[in-house]
Amino acid sequence: MRSPGFLLRSVLRRWKSYKYRFVPWVALNMARNRRTLRYVSEGCADKVIPDTDVYSALLKLFRALFIYNIRQQTDLLNVLPEATKSIYQPPVMENLKPFARAEDSETLLKSDEILYDNLGFCVVRRPSSLNAAGTGVFVSRGLVREGAVVSMYPGTVYQKYEPIFFQSIGNPFIFRCLDGILIDGNDKGISKSVYRSCSRRDQLGPLKLCDTSWLTASLYNPLAVGQYINNCSNECAANVCYQEFDVPQCFPVELRQYIPNINYSHNSEGLLRCVVLVAIRDIDCGEELFSNYFTLVR
């Protein structure tokens, strides 16, 4: 039988991870720790880099993933317009091997290789360097340059008026955008079930409109680890920053299968909200990524 002391320590560990998402605690502690605040001027769009740079980085990586996996995309290519098919015609693909999805370890390794070849770095989930912080995200290879898109925050996207009460209980992975839109990045429990249900609902034949691999150990999109980036502290300053990004209508439909976000409601108006994390300085191999959970609008 576990002792009361063990149970108390377990509760405290969970609280230390969850408190940054607990609104009353945030309100009481904002003024006490200025290094952990994310300042946004009132009315500011909160853009660290232009949206065109975010778009270009995602397009480059997703297109490389699609091309490497081209032999698994036959059914999808058959329903695409001729102009889109022409982008993926031989001889470019003749010497490519199929993206082996049967083995999780091989899939993860290959997607990391593609990330490194195209953006110059790899990121990986592993135990954080902070005590009681659980899982963290580290640069495992290469160098992240200032202004680079280093990860994405996956999850179900909820509008301000949509219900999220039960999904939010004890959930440290809910991200609040500046306009009140919420993204639930929890890969377990009811949150996982909701995301999978929405992904099946919105699939059109061979056309997948989101990526579900972030719910597993094998990532097809190697950037979909942003929910595990820990909050900065006085000892560990932030080296990445959140940036909200609305997926434009012109985004190639065949590449939406790599976007790790989906709307909770099928008839949600407007563009799909995504959140990326952008490097605010150069980040060396081996460093852990730290962000700012708190947002203070002035």
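What accessible area per residue comes out for region 104-250, rounded to a whole number of Å², with a 1.4 Å probe?
Accessible area per residue, region 104-250: 42 Å².
Please figure out what share of the DSSP beta bridges in region 154-298 is antiparallel and state it in percent, rounded to the nearest 5.
Within region 154-298, antiparallel bridges account for around 75 percent of the total.
Report the relative contact order of region 99-243, percent, no decimals, based on alpha-carbon pairs under 8 angstrom and at least 6 residues apart.
26
Compute the semi-axes of the equivalent ellipsoid of region 109-246, taking the square root of 5 times each eigenvalue of the Cα gyration tensor, and list them largest first in whole Å.
Listed largest to smallest, the semi-axes of region 109-246 are 25, 20, 14 Å.
What's the local net charge at TYR55, with K and R +1, D and E -1, over the other residues with C-beta under 15 Å away?
+1
Compute the FRET efficiency between ASP282 and SER129 as 1/(1 + (r/R0)^6), taking r as their Cβ-Cβ distance and R0 = 25 Å, and round to the nearest 0.05.
0.85
What part of the accessible area of region 175-223, given as a whole %, is carbon or sulfur when the probe is 1.4 angstrom?
56
The values are calculated or read from the model by the stated rules, or taken from the named source; none is laboratory data. The structure displayed is predicted, hence computed values, not measured ones. Because the Cβ atoms are built from the backbone with ideal geometry, glycine has one as well, and the counts that use them run over all protein chains shown. We work out accessible area using only protein heavy atoms, side chains counted, and drop any ligands, DNA or RNA first. Shrake-Rupley method; radii C 1.70, N 1.55, O 1.52, S 1.80 Å.
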